[in-house]
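Engineer: What follows is a single structure, and I will ask about it in a moment.
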Amino acid sequence: MNEILVWGSKSRERTWRPAIIGLALGLLIPALAQGAEVVKLTLNSVLVVQESKNGQVSEAFQPALAVKPGEILEWRLEAENATDRPLRQVALVIPIPKETAYLEGSAPALPWGGVRILPQFSYDGGKTYGLPPLKRRVRSVENGQEVEREVEVRPAEYTHARWLLPELGPKAKVLLKLRTTVR
Amino acid sequence: MKKPVGIIGVLLSLWFSLALAAPTPAGTSIQNQASATYVDSAGQPRSTTSNLVVTVVQQVYSFTITPNGANEASPGQTRSGLPGSQVLFNYQVTNTGNGTDTINLATVQGTADNFDLTGVQIFLDANCNGNLDAGETTPITGVTLNMGNSACLIVRATLPTSATNGQYGNLNLTGTSVGNPNVKDNDNWARATATTAAALTAFKSASPSGNVTPGSTITYTVSGANTGGGAAYGVSVTGLSGTGILVADTIPSGLSVSSMPTGSAGAGTVSFVYSTDGSSWSPLGSSNLPLTGNGTVAIGLFISGSGAFFPQGASYTFSFGATVPTGAASGTLYTNSATVRFNDGTAPQTVTTNSTTNTVGAGYNVAVGPYGFPTAGASGTYTALGYTVTRSGDAQSIASVYDGTTVIFRHTLRNTGNAADSFTLGFSGAPTGWSCGLVADDLTTPISGPVGPVAAGADYNFALKCQVPAGATGNSFTLTVTATSVGDPGKTDPTTDTVTALADGFRLDLYGGVNGYGPYTQSQTQNGTNYTSDDLSTSRPPIYQNGTVYPSANPGAQVVYRLRVKNLNPSGQADNYTLLVQPGSGYAAAVDSLLFYPDANDDGLPDGPPISSTGLLGANGEFKYLAVVTLKNTAPPGPAGFSFAAQSSQSGAEPKDFAPTQINVNTLAQVSLIPDRSGTVTSPGTIQYTHTLTNSSNTGATCTVSGNGGSYGWTYQYSLDGTTWAPSLIGISLTPNGGNQTIYVRVLVPAGEPIGRTDVNTLTASCDVGSTSASATASETTTVVGGDLRLSKSAVSYVGTSATVRSSDGSQAYPGDTLVYTVLAENIGTADLKAVKVADPLPGYTGFVSVSATATGFPAGATVLYSTDGTTWSTAAPTSLPAGGTVYVGVNTNGDGTIDGNDVMPPGAKITLTFKVQVQ
């Protein structure tokens, strides 16, 4: 027994038209996306040095082309919305290089409108983020029994810091900072 | 001003803690690149990255020399010997910088002492046993160490022969970094005391030296001899009877001694002892083992004897094995030294050996198993994507999985090594067609590349996710998931996931009824499986209109079915069903189109344009739709059978469900005989007419044609070909749907008929159509004329304004069609006719298009003239004509511009008037 697919000529027209429009849009979107950078990110690092004058200690910043273990690096990320339109759900991430350790408390909150956006941290390579103190579950054998404990993740184990901005206005610019110690 | 101070405090404490860990090697590039994700104004998620910042780590120079002795008054180690004998000082130098460095070594004689030591030399103690062995006798002035490495040193010195009992000399070992000469270690004072009494040496060795692996055993050996000037005495030891020489070793924390030590001495009686508090000792028996080091637990050799029992030259050795715990972290240090207590004849003495240091190397291992049970021994169940996963030992299984669904086996991996490690995850055994992949614990994010680093002892959860293809069947599919250590690719662990059986996950039901004859549940399943796609029988209850009667319809009519498709997928998956029709006997000849329309509100009216599928339909969802069957105008009478069908688009393997039905096409009996004809004839004379007999029925017709003969006895004859004439026609066979036959009628008018007599012949076609009949009539109206001018008129209709003929006899025309009338006026007499005017009125419901005329057989110079009122004439044809108007045509033969009695029409002359109008 033969089978025929019922397919009226009118329905064929209606089916094809959206497909053609979809194709046209599909060609357009990459063309738009290849335009100018929408969010411009500029990352800098400076070496933080302590200066002591007349018994008073102050900080100075030097270019961080070469550092030594134990020295403190300050990472500065400037993010700018280069467009004339607001951008939403802007997540700005400063990774913490594995050769350095995050210096606890060195990432200031970002004033945004009337609130302050607290930095979130990740210890798993940026997969998950949370506000300190971060906790991790560890299983171990104690007295022959397998137990699971929740242990606090040391700030030195953080891998990424992130600020989540609900919106970044047209041409708006923010500056984020954190410090790490060279291991 | 508190803040900077605070930061410095943090910095110092950090430096301290970082100093314990290995610093970043010199030359390392610290690279960093920030990133951002956001949603742009068009609602599109986007991401971007910053510039790359590169910073190079420079070398720092740092080292330590131990043991420390801050100054001459507090030496870090003291050795005793006879005047003129050699003493050995033991040191360890460690490169704590972040690159390779050479440490220059030198010795400094003390000034706050009794004498200078002579023959001072520095040696490398390659096996770190504290003693100068063969092959270690080349003096050195420096040592080159890689980052993090250590070396054991021996400083050998000779006591001056002039020294007297109790005098001492101090010596400092200093080190200077070659990389940074400002980095020094100068607080390593040691003391050598001259004694004429007994003096025991004590050396400590560890085998292996340096790196050890978790679970391995370190053999510690303490050995020495009496190198003094007299026999040694024993001391009283708390908990032990008598006196003796105690060789005591505090077991490094974490190490455990589980077998009895060995040892011997050149004099006295040896026994093995232990202490749990470091001060009180007891005899050691195997029942006291194992002994695990905690900072105070100690093991020892007790050489008992009374008086000066241990003569000059007598030696001793003590050896025990200590096992490194299997969970020891990489980098853990086990440092050990021993003490020897004896009495030199004047006072109790304690000699401390050199220190040995063993470092736990990185040991990599991995265990992977069922979720929550990385080391196997699993039990219990959990649920993933609706399936219950059963854990047992090192395996997981799902009893039954529907085809077309996704299964997830969650897993837990444990780093059972002693160092952070990454792991390569893999799987094998996926059946053909299954689409499997490893995902993170969110059960979504695919895993690519090794996972980790995972801290030693920590767990990492992930999952194996498999899409079982629709249509798959079979039993017992086992996949093996494997985790492999990146640190040691030889360390790998498998675990298995099994799907015990596959079940059919798809089922659909198609049912309905004829619109207006509910309920629309014919062919619906009664028990959940019969009459569904899972019913493999080839029969289904048909869809009737009423009882067991199928719907009937005339050709060209529509029959509407109200149908439903229900998603009965046992797997609970949504599905999109393709709507189909399976033609049966009579379908192709009868059905013009069959279109499906959505009818969500179930009112029997289409909700929108035609569809070919249901769209995504959730589990247990019912999709209501219409099937509109339009019959062809030519559909033959009788049954047109077909089945509605629906097919899953998710599973091509799932059979269709169908519902058979049938439409009975009615017989349509319809014949026509057109047009009515009229004409003029002289008496006597003949005239011939034609009619068309058409069979518009949906089946063949057999017809008889006869006339009533009119009222005056004229002779009417009929023909099918215009040649063979008969009083009537019988057995005319016409094919269905437009089969036609031209019927010729000839009228023979006898002489003597009065001018103006009109006779009407009514022609009747009687047809047998299938089991029924149909008839049609037409007429010929013939008028007797006296003159010799014969007029005949014919018409042709055209489709619109095109040249396509709609009807060659003008019998059919649609609004907008063009009708062309041709009027032929002919002098059939033998004499001239005068003042001939041919008139033709504009028919009702038509509009004037054009008129033209030609004339033949007239004298030379004759011209055709036109008029719209019959009195005013023009050579130009009129371009318009009002409704109800008439056009006149004449031929002017005398050149006076009008038609009157002076204009003649010779015998045989013809005027042809062509009148074009358009149907309104």
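Nothing in this text is a laboratory measurement; each read-out follows from the coordinates by a stated rule. Note that this is a predicted model, so its numbers are computed, not measured. Counting neighbours? That spans all protein chains shown, and the Cβs are built from the backbone with ideal geometry, glycine included.
Engineer: Per residue, how big is the convex hull of region B:138-222 when only Cα atoms are used? Give it in Å³.
Structural biologist: 161
Engineer: Set the Förster radius R0 to 25 Å, insert the Cβ-Cβ distance between B:Ser286 and B:Thr326 as r into 1/(1 + (r/R0)^6), and round the FRET efficiency to 0.05.
Structural biologist: 0.65
Engineer: Within a 10 angstrom radius of each residue's Cβ in B:53-65, how many Cβ atoms of other chains show up on average? Whole number is fine.
Structural biologist: Average per residue, whole number: 4.
Engineer: What's the average, rounded to a whole number, of partner chain beta-carbon atoms within 10 Å of each residue's beta-carbon in A:68-78?
Structural biologist: Across A:68-78, the average partner-chain Cβ count within 10 Å equals 6.
Engineer: From the square roots a ≥ b ≥ c of the eigenvalues of the alpha-carbon gyration tensor of region B:695-821, which class results: rounded (a/c under 1.5), prolate (a/b over b/c), or oblate?
Structural biologist: Because a/c hits 1.5 or more and a/b fails to exceed b/c, region B:695-821 counts as oblate.
Engineer: Right, another one. Give me the percent relative contact order of region B:216-297, please, defined on Cα pairs under 8 angstrom at least 6 residues apart.
Structural biologist: 32
Engineer: Ok, one more. Using a/c under 1.5 as the rounded threshold, could you call region B:746-796 rounded, prolate or oblate? The axes a ≥ b ≥ c are square roots of the C-alpha gyration tensor eigenvalues, and prolate needs a/b larger than b/c, oblate otherwise.
Structural biologist: prolate
Engineer: While we're looking at this one, here's another question. Kindly provide log₁₀ I(q)/I(0) values, in the same order as q = 0.20, 0.26 Å⁻¹, from the Debye equation applied to equal alpha-carbon scatterers of region B:615-676.
Structural biologist: -0.96, -1.21
Engineer: Which value in nm describes the separation of the simple spin-label points at A:Thr42 and B:Thr856, placed 7 Å from the Cα toward the beta carbon?
Structural biologist: 10.0
Engineer: Return the whole-Å distance between the Cα centroid of region B:596-659 and the Cα centroid of region B:532-546.
Structural biologist: 15
Engineer: How many angstrom lie between the C-alpha centres of region B:876-910 and region A:145-181?
Structural biologist: One Cα centre to the other: 107 Å.
Engineer: Given bins 10 angstrom wide, list per bin the percent of all Cα-Cα distances in region B:787-868, short to long.
Structural biologist: Using 10 Å bins, I get a P(r) of 14, 41, 28, 16, 1 for region B:787-868.
Engineer: Rounded to a whole number, what is D in µm²/s for region B:182-262 from Stokes-Einstein with the Kirkwood radius over alpha-carbon pairs (4 °C, 1.567 mPa s)?
Structural biologist: 78
Engineer: Next up: So who's got an amide H within less than 5 Å of the one on B:Thr405, skipping anything under 5 residues away but keeping other chains? H placed 1.01 Å off N, in plane.
Structural biologist: Answer set, sorted by chain and number: B:Val468.
Engineer: Using the alpha carbons of the protein assembly as shown, what is the convex hull volume per residue in cubic angstrom, as a whole number?
Structural biologist: Dividing the Cα hull volume of the protein assembly as shown by its residue count gives 309 Å³.
Engineer: Determine the shielding of peptide B:586-594 by partner chains: average, over its residues, the number of Cβ atoms on other chains within 10 angstrom of each Cβ.
Structural biologist: What the average comes to for B:586-594 is 1.
Engineer: While we're on this one: Enumerate the amide H contacts of B:Asp903 below 5 Å, restricted to partners 5 or more residues apart or on another chain; note that Pro and chain-start residues carry no placed amide H.
Structural biologist: B:Ala835
Engineer: While we're here: Taking a temperature of 10 °C and a viscosity of 1.306 mPa s, what whole-number D in µm²/s does Stokes-Einstein yield for region B:503-547 with Rh from Kirkwood over alpha carbon pairs?
Structural biologist: Estimated diffusion coefficient is 140 µm²/s.
Engineer: At 10 °C and 1.306 mPa s, what whole-number value in µm²/s does Stokes-Einstein give for the translational diffusion of region B:609-736, with Rh from the Kirkwood sum over Cα pairs?
Structural biologist: Once the numbers are plugged in, D ends up at 77 µm²/s.
Engineer: Moving on. Quick one: which of B:514-522, B:54-62 comes out on top by average Cβ neighbours within 10 Å, and what's the full order, highest first?
Structural biologist: Peptide ranking by packing, descending: B:54-62, B:514-522.
Engineer: Could you quote the convex hull projected area for region B:332-405, Cα atoms only and averaged over all directions, in nm²?
Structural biologist: 9.5
Engineer: Do the sum for the protein assembly as shown: with -39,500 (n - 2.57) for every DSSP H run of n ≥ 4, divided by all residues, what is the mean residue ellipticity at 222 nm, to the nearest 500 deg cm²/dmol?
Structural biologist: Value at 222 nm, helices only: -1500 deg cm²/dmol.
Engineer: Above 43 angstrom, tally the Cα pairs of chain B and express them as a % of all pairs, no decimals.
Structural biologist: When every Cα pair of chain B is considered, 68 percent fall beyond 43 Å.
Engineer: Within straight cross-link reach of B:Lys491, meaning Cα distance under 20 Å, which aspartates and glutamates are found once same-chain residues fewer than 8 apart are removed?
Structural biologist: B:Asp394, B:Asp421, B:Asp459
Engineer: Please give the peptides B:873-884, B:346-357 ranked by average Cβ packing (other Cβ atoms within 10 Å per residue), highest first, as a rough proxy for protection.
Structural biologist: The densest-packed peptide leads the list: B:346-357, B:873-884.
Engineer: Calculate, for B:Ser379 and B:Ala42, the FRET efficiency according to 1/(1 + (r/R0)^6) with r their C-beta to C-beta distance and R0 60 Å; round to the nearest 0.05.
Structural biologist: After rounding to 0.05, the efficiency reads 0.70.
Engineer: Please list, short to long, the whole-number percent of alpha-carbon pairs of region B:288-339 in consecutive 5 angstrom bins beginning at zero.
Structural biologist: 4, 10, 22, 20, 15, 10, 10, 4, 4, 2
Engineer: Label region B:545-621 by shape, choosing from rounded, prolate and oblate, from the square roots a ≥ b ≥ c of the eigenvalues of the Cα gyration tensor; if a/c is under 1.5 it is rounded, and otherwise prolate applies when a/b is larger than b/c, oblate when it is not.
Structural biologist: Because a/c hits 1.5 or more and a/b exceeds b/c, region B:545-621 counts as prolate.
Engineer: Another question, then. What do you get for trypsin sites (Lys or Arg not before Pro) in region B:819-920 restricted to DSSP loop and a cutoff of at most 15 other Cβ within 10 Å of the site's Cβ?
Structural biologist: none
Engineer: How much net charge surrounds B:Thr238 when only other residues with a Cβ under 14 Å from its Cβ are counted (Lys, Arg +1; Asp, Glu -1)?
Structural biologist: Once all neighbours under 14 Å are counted, the net charge is 0.
Engineer: Now, a different point. How large are Rg and Dmax for region B:104-187 when only the alpha carbon atoms are used, in Å?
Structural biologist: In order Rg, Dmax, the Cα atoms of region B:104-187 give 14.5, 45 Å.
Engineer: Now for a different question. I need two numbers for region B:38-128: Rg to one decimal and Dmax as a whole number, Cα atoms only, in Å.
Structural biologist: Values for region B:38-128 (Cα only, Rg and Dmax): 27.3, 94 Å.
Engineer: Take the alpha-carbon positions of region B:813-917, form their convex hull, and give its projected area averaged over all directions (one quarter of the hull surface) in nm².
Structural biologist: Its Cα hull, projected and averaged over all orientations, spans 6.6 nm².
Engineer: Distance in nm between label sites at B:Thr492 and A:Glu78, each 7 Å beyond Cα in the beta-carbon direction?
Structural biologist: The answer from the label model is 5.2 nm.
Engineer: Using only the alpha carbons of region B:343-469, what is the convex hull's orientation-averaged projected area in square nanometres?
Structural biologist: Average projection, Cα convex hull of region B:343-469: 12.4 nm².
Engineer: With r defined as the distance between the Cβ atoms of B:Asn894 and B:Leu791 and R0 fixed at 25 Å, what FRET efficiency is calculated, to the nearest 0.05?
Structural biologist: According to the calculation, E is roughly 0.60.
Engineer: Compare the peptides B:661-670, B:161-170 by average per-residue count of other Cβ atoms within 10 angstrom and give them in order, highest first.
Structural biologist: Result, highest mean first: B:661-670, B:161-170.
Engineer: Relative contact order of chain B: what whole-number percent is it, with Cα pairs under 8 angstrom and at least 6 residues apart?
Structural biologist: In percent, rounded to a whole number, it is 6.
Engineer: Please work out the Cα center distance from region B:32-96 to region B:216-251, rounded to the nearest Å.
Structural biologist: About 38 Å separates the Cα centre of region B:32-96 from the one of region B:216-251.
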